[in-house]
Amino acid sequence: PLLKVENESFIVAVIRKLLLVCDKITVVTGFNSELIEQELENVFEKEINSSSPKLNIVFNADFHNGMFSSVQ
């Protein structure tokens with residue numbers, strides 16, 4: 001998700017597009033969660049820290065069990 005595409009990370013590019021059509025977005029992190037959370041907080045501080053946040057970041061402590069564990 002942190003791979004740079006046209007000078008911004010892939011996850012940032014995807015979230016920018018989703019914010020155009022979604023009222024709320026939840027990003028589930030696992031591996032490298034600190035790096036991903038920092039990237040998102042740097043770019044989307046307003047969307048995360050507002051009184052009605054549009055972007056929510058959740059850490060999946062069981063990420064080593066695979067991506068489906070994030071859905072569970």
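So the values come out like this:
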{"quantity": "Yes/no for residue 68 being of a type in the set (A, V, I, L, M, F, W, C), loosely packed, with under 14 Cβ neighbours inside 10 Å and within 16 Å of residue 3 (Cα to Cα)", "calculated": "no"}
{"quantity": "Those residues of the range 10-40 which are touching a helix residue (DSSP H, G or I) at 6+ places or on another chain (Cβ under 6 Å) and not hydrophobic (A, V, I, L, M, F, W, C), in sequence order", "calculated": "29, 30"}
{"quantity": "Residues of the range 1-60 that turn out to be part of a loop (DSSP other than H, G, I, E, B), open to solvent by 90 Å² or more (accessible area, probe 1.4 Å), among the hydrophobic types (A, V, I, L, M, F, W, C) and closer than 25 Å to residue 72 by Cα, as a count", "calculated": "2"}
{"quantity": "All positions within the range 49-72 that are of a type in the set (A, V, I, L, M) and touching a helix residue (DSSP H, G or I) at 6+ places or on another chain (Cβ under 6 Å)", "calculated": "55, 57"}
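The values are calculated or read from the model by the stated rules, or taken from the named source; none is laboratory data. Everything numeric in this text was worked out from a predicted model, so none of it was measured. For neighbour counting, all protein chains shown are included, and Cβ atoms are generated from backbone atoms with ideal geometry for every residue, glycine included. SASA here: full protein model, heavy atoms, side chains in, ligands and nucleic acids out. Shrake-Rupley method; radii C 1.70, N 1.55, O 1.52, S 1.80 Å.
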